[in-house]
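The values are calculated or read from the model by the stated rules, or taken from the named source; none is laboratory data. From a predicted model like this one, the values you see are computed outputs, not experimental measurements. Don't worry about glycine lacking a Cβ; one is built from the backbone with ideal geometry, like all the others, and counts go over all protein chains shown. Areas reflect the complete protein model, heavy atoms only, side chains present, ligands, DNA and RNA absent. Shrake-Rupley method; radii C 1.70, N 1.55, O 1.52, S 1.80 Å.
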Amino acid sequence: MSIVFHQVKDGEFRRLAEAKTMTKILAQESTEFPNKFHLIGIVQVNGIGYAVRHGRVADLRIWRLDNLVNQAREMCFQKIDVQLR
């Protein structure tokens, strides 16, 4: 199944997480910035993915992995998959 990705702001991503819409989240390493990661949420039932973007521009946000894990914990996720380049 192919996944259709949407870019959303951090607040919308958190709202989707609180609503238990996303069944999986992952940290994808940035191709431009080594050791920095993008946050992606997946709704596995219907093949939709959500990536967090900056508020004012369409670029994806990047985080250090430790900060990303803390955000996942705040959103009550028990597991986060990590994909390296």
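List the pairs whose first member sits in the stretch 64-80 and is modelled with pLDDT under 90, whose second member is of a type in the set (V, I, T), and whose Cβ atoms are under 7 Å apart, counting only residues at least 6 apart or on separate chains?
none
With the condition kept exactly as written, say whether any residue in the stretch 34-45 is of a type in the set (A, V, I, L, M) and touching a helix residue (DSSP H, G or I) at 6+ places or on another chain (Cβ under 7 Å).
Looking through the stretch 34-45, at least one residue is of a type in the set (A, V, I, L, M) and touching a helix residue (DSSP H, G or I) at 6+ places or on another chain (Cβ under 7 Å).
Being of a type outside the set (V, I, T) and surrounded by 14 or more Cβ atoms within 10 Å (Cβ to Cβ) is the filter here, so list the residues in the stretch 66-85 that pass it.
Hits for the stretch 66-85 are L68, Q71, A72, M75, F77.
For the stretch 36-60, how many residues meet the condition of being open to solvent by 60 Å² or more (accessible area, probe 1.4 Å), touching a strand residue (DSSP E or B) at 6+ places or on another chain (Cβ under 8 Å) and at pLDDT below 95? Outline the logic, then answer.
Narrowing the stretch 36-60 to residues open to solvent by 60 Å² or more (accessible area, probe 1.4 Å): 36, 44-46, 54, 56-59.
If we keep only those that are touching a strand residue (DSSP E or B) at 6+ places or on another chain (Cβ under 8 Å) too, we end up with 36, 44, 54, 58-59.
When the remaining residues are screened for being at pLDDT below 95, the result is 44, 54, 58-59.
Of the residues in the stretch 36-60, 4 are open to solvent by 60 Å² or more (accessible area, probe 1.4 Å), touching a strand residue (DSSP E or B) at 6+ places or on another chain (Cβ under 8 Å) and at pLDDT below 95.
Among the residues of the stretch 3-35, what is the count of those that are more than 18 Å from D81 (Cβ to Cβ) and either free of Cβ contacts under 8 Å to residues at least 60 places away in the same chain or open to solvent by 70 Å² or more (accessible area, probe 1.4 Å) (or both)? Spell out how you get there, then give the answer.
Looking only at the stretch 3-35, we keep the residues that are more than 18 Å from D81 (Cβ to Cβ), and these are 4, 6-12, 14-15, 18-19, 32-34.
Subsequent filtering for residues that are either free of Cβ contacts under 8 Å to residues at least 60 places away in the same chain or open to solvent by 70 Å² or more (accessible area, probe 1.4 Å) (or both) retains 4, 6-12, 15, 18-19, 32-34.
The number of residues fulfilling the criteria is 14.
For residues that are touching an Asp or Glu at 6+ places or on another chain (Cβ under 7 Å) and either in a helix (DSSP H, G or I) or of a type in the set (S, T, N, Q) (or both), tally how many sit in the stretch 72-85.
Summing the residues that are touching an Asp or Glu at 6+ places or on another chain (Cβ under 7 Å) and either in a helix (DSSP H, G or I) or of a type in the set (S, T, N, Q) (or both) in the stretch 72-85 gives 1.
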